[in-house]
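One structure is given below, encoded as structure tokens.
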Amino acid sequence: MKLLVILSLLVVACHGLSVKQQRSFPSDFLFGCATASYQVEGAWNEDGKGESIWDYLTHNNPGAVQDQSNADITADSYHNYKRDVEMMRELGLDAYRFSLSWSRILPTGFANEVNPKGIEYYNNFIDEMLKYGITPMVTLYHWDLPQKLQELGGLANPLFADWYEDYARVVFENFGDRVKHWITFNEPREICYEGYGFDNKAPLLNSSAVGTYLCAKHLVLAHANAYHAYNNDFKPTQGGVCGITVSINWFGPLTDSAEDEFAAEIARQAEWGLYTEPIFSTEGGFPKEFSERVAEKSAQQGYLWSRLPAFTEEEKARALGASDFLGVNHYTSRLISATEYKSTGAVPSLVDDEDIGIYVPEDWPVAQSPWLVMAPDSIYNALTHLHKKYNSPVIYITENGWSIGPGRDLIDDDRITYYRAALESVLDTLDAGVNLKGYMAWSLMDNFEWLEGYTARFGLYAVDFEDPARTRTPRKSAFVYKHIIKNRYIDHEYEPETMTMTIDEGN
Ligand code: GBH
């Protein structure tokens, strides 16, 4: 009798397991990898490319980068793009997300001068991908602003929205016959908070109280300009989609108290709601409760206006609904408290405006990058929330990944653990009915990790930065990702037999 009970329990347990293992990804789900121009291209001043704010920062302030490095050459994808496409074929990718260097296309920043060599490079790259049936997903702006535009204030200048539209039109005109997935901006929070409000990204402006919010407003308007330009003048003939990618980590309450719930909502509004709310909500404009907080604090601090500038009714209407999909870069989670674990930021500042506590449980594993911790159900929590809040938008995960230390270690089991858990969370998200259409792993290959330089590696392929040829070698995680893409399910037992990569038939 006892034996029978144990046996049947075992059967039930195995059944549960196998059901979970066999959940599969839809056949039209887009699996891909992502990179960004400054991080992989190199050729920083070749063939007529203009200077970007990252060229400027790394050359004039090398001490700001952890290992004093730069991306003058980095993975040299400018010269290695055929090898990059070969790697995509080895992995069996459906899609590849990459970004365009604005100053490679428009060296002055403005549309008065279009660089034919820049256009040619991206044409060749796109054509090479299409030859093998790989869908290009193109980001127009992943942080490398032309330095000339920064000298005029960059995103703090209200005219930025017009300059950006001019650039977007040049891009749609040249590549829109073949590119059908457009992303206007990568991670507004990182642009505006880390770049304008802090000194963690170029241009290291450190104007948290005012700069962050000016940038936020102008970025949203620039996005809306590009979206409408595409929608009115290109979509009718080109037929693609245009969206924006926001970094959306999960901020959940530390306890289930109403105060912690509210604090978590404030964190979500300040960290990404500033960018999603004007575009994806039903009312439009900046998020309500956070706007009230900033307005109140601004008044107390003696400002004659809220440091968070409001949109006019016309601007509000223009931004509202101006996106075909929401791109989500998701890496990690935090637990938010109304009272505990508060950090004392400067006054005034965004951190002071938020006025919340942030907690990371000790048992969440930490990557090489200290901000990147592995949290349970992270993707599921974030995406089901967005699904409910914004009336089931089409979502793409446009980045997700895990860093390891410097060097070309090919056995990256921690990364494999992270990816498998993340993709289980993707399956949970799909089961919950979220309109999730694709997943891009960050990153195809090791690259320049901004102020972390080359000290953190995110690549499925290791890059030898000492070797003039910038040889790329697949890590163990590359084989695991390939296996998942090919079979459309996650085999937790799978181990590659060899570390030799080949291109499967049909790729
Ligand atoms: C993405 O940013 C970027 O789009 C991509 O270019 C980058 O390479 C990739 O992720 C990996 O980092 O604790 O103050 O140092 C991810 C967004 C990056 C936001 C790190 C928080 C550090 C904060 N995050 N950032 S801090």
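Things worth noting here:
- Residue-level check: of (1) open to solvent by 10 Å² or more (accessible area, probe 1.4 Å); (2) within 17 Å of the chain's Cα centre (by Cα); (3) more than 14 Å from the ligand (Cβ to nearest atom), GLU165 misses just (2).
- Number of positions in segment 204-220 that are within 16 Å of the ligand (Cβ to nearest atom) and either among the aliphatic types (A, V, I, L, M) or open to solvent by less than 40 Å² (accessible area, probe 1.4 Å) (or both): 7
- Once segment 63-80 is narrowed to residues that are open to solvent by less than 10 Å² (accessible area, probe 1.4 Å) and either hydroxyl-bearing (Ser, Thr, Tyr) or more than 14 Å from the ligand (Cβ to nearest atom) (or both), the residue that is nearest to LEU451 (Cα to Cα) is THR74.
- Scanning segment 95-118 for residues that are in contact with a helix residue (DSSP H, G or I) (Cβ under 7 Å, 6 or more places away or on another chain) and open to solvent by 20 Å² or more (accessible area, probe 1.4 Å) yields a total of 4.
- Close Cβ contacts (under 6 Å, 6 or more residues apart or on different chains) running from residues in segment 250-265 that are more than 17 Å from ASP353 (Cα to Cα) to residues that are among the charged types (D, E, K, R) comprise PRO253/ASP260; PRO253/GLU261; LEU254/ASP260.
- If you go through segment 168-184 and pick out every residue that is in contact with a Gly (Cβ under 8 Å, 6 or more places away or on another chain) and surrounded by 20 or more Cβ atoms within 10 Å (Cβ to Cβ), you end up with 6.
- Positions within segment 310-326 being in contact (Cβ under 8 Å) with a residue 12 or more places away in the chain, farther than 15 Å from LEU274 by Cβ and open to solvent by 40 Å² or more (accessible area, probe 1.4 Å), in sequence order: ALA317, ARG318, GLY321, ASP324
- Restricting attention to segment 357-384 and to residues that are closer than 14 Å to ALA421 by Cβ and of a type in the set (S, T, N, Q), the residue that is farthest from the ligand (Cβ to nearest atom) turns out to be ASN381.
- A count restricted to segment 389-404 and to residues that are in contact (Cβ under 8 Å) with a residue 60 or more places away in the chain and within 16 Å of the ligand (Cβ to nearest atom) stands at 6.
To keep it simple, each residue is scored yes or no on (1) open to solvent by 10 Å² or more (accessible area, probe 1.4 Å); (2) within 16 Å of the ligand (Cβ to nearest atom).
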residue	(1), (2)
PRO406	yes, yes
ASP409	yes, no
ASP414	yes, yes
VAL426	no, no
SER443	no, yes
LEU451	yes, yes
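- Any hit, segment 467-483, residues being surrounded by fewer than 24 Cβ atoms within 10 Å (Cβ to Cβ), among the acidic types (Asp, Glu) and within 16 Å of the ligand (Cβ to nearest atom): no
- Residue satisfying condition, being farther than 20 Å from PRO188 by Cα and under 26 Å from the mean Cα position of the chain (by Cα), within set PRO278, PRO253, PRO309: PRO253
- Screening GLY153 with (1) in contact (Cβ under 8 Å) with a residue 24 or more places away in the chain; (2) open to solvent by less than 30 Å² (accessible area, probe 1.4 Å) gives one miss only, at (1).
- Test: GLY239 is of a type in the set (Gly, Ala, Ser) and within 16 Å of the ligand (Cβ to nearest atom): no
- Any hit, segment 95-105, residues being free of Cβ contacts under 8 Å to residues at least 60 places away in the same chain and of a type in the set (Gly, Ala, Ser): yes
- Look at (1) in contact (Cβ under 8 Å) with a residue 60 or more places away in the chain; (2) open to solvent by 40 Å² or more (accessible area, probe 1.4 Å) and you find that GLU497 fails only one, number (1).
- Segment 230-239, residues that are within 12 Å of SER323 (Cα to Cα) and either open to solvent by 20 Å² or more (accessible area, probe 1.4 Å) or not aromatic (Phe, Trp, Tyr) (or both): ASN231
- Once segment 341-351 is narrowed to residues that are surrounded by 15 or more Cβ atoms within 10 Å (Cβ to Cβ) and more than 16 Å from the ligand (Cβ to nearest atom), the residue that is nearest to ILE244 (Cα to Cα) is PRO348.
- Within segment 45-62, being under 14 Å from LEU451 (Cα atoms) and open to solvent by 60 Å² or more (accessible area, probe 1.4 Å) holds for TYR56, HIS59, ASN60, ASN61.
- Some residue of segment 290-305 being within 18 Å of PRO393 (Cβ to Cβ) and either assigned to a helix (DSSP H, G or I) or open to solvent by 10 Å² or more (accessible area, probe 1.4 Å) (or both): no
The values are calculated or read from the model by the stated rules, or taken from the named source; none is laboratory data. Note that the coordinates shown come from a computational prediction; the quantities given were computed from them, not determined experimentally. Cβ coordinates were reconstructed from backbone atoms using ideal geometry, including for glycine residues, and neighbour counts include every protein chain displayed. Side chains included, ligands, DNA and RNA excluded: accessible areas come from the protein's heavy atoms. Shrake-Rupley method; radii C 1.70, N 1.55, O 1.52, S 1.80 Å.
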